[in-house]
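Encoded as structure tokens, the structure appears first; notes follow it.
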Amino acid sequence: MAARLNLNQRLGQTERLRNRSFALLTRYPMEGIDTPELRSSSPDERERAKAAKSRVVELCPVDSTVWIYTEKTGKYGRYIGRIYLTEIATVSLNEMLVDEGHAVLMD
């Protein structure tokens, strides 16, 4: 399933997206990656989380349009997605965060 969506609000590892067609607000965990936690007890991890969040906001600010591709749901029943900044992008936002050191691949 693929959809063209607008970013509405930042939630860390989970991006909250608004579907333009249905005015639906849905959370999409980012497939295959793990990012540092903003609420960690470790000051170092919190700083890395802030850097990752800043990079996502820089690449796709609130109200920008992104494309999300989903194939499966996670343990909480939400679709898990790969987020692309353009319809013809070959590298996902998920991969960019890993390549830039803001996230690690999950098993």
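Under the condition of being modelled with pLDDT under 95 and surrounded by fewer than 16 Cβ atoms within 10 Å (Cβ to Cβ), the residues counted in region 47-58 number 5.
Taking first residues from region 95-107 that are closer than 18 Å to Glu37 by Cβ and partners that are among the acidic types (Asp, Glu) and surrounded by 12 or more Cβ atoms within 10 Å (Cβ to Cβ), the Cβ contacts under 6 Å between residues at least 6 apart in sequence or on separate chains come to Val104/Asp34; Met106/Asp34. Restricting attention to region 26-76, the residues being part of a strand (DSSP E or B) and on the phi > 0 side of the Ramachandran plot number 0. Applying the criterion of being touching a residue at least 40 places away in the same chain (Cβ under 8 Å) and not in a strand (DSSP E or B) to the residues of region 77-91, the residue that is surrounded by the fewest Cβ atoms within 10 Å (Cβ to Cβ) is Glu87. Taken over region 26-70, the criterion of being closer than 19 Å to Thr90 by Cα, in contact with a strand residue (DSSP E or B) (Cβ under 8 Å, 6 or more places away or on another chain) and among the charged types (D, E, K, R) is satisfied by Glu31 alone.
The values are calculated or read from the model by the stated rules, or taken from the named source; none is laboratory data. All figures in this text were calculated on a predicted structure; none of them were measured in a lab. Positions of Cβ are generated from backbone atoms using ideal geometry, with glycine treated the same way; all protein chains shown enter the neighbour counts.
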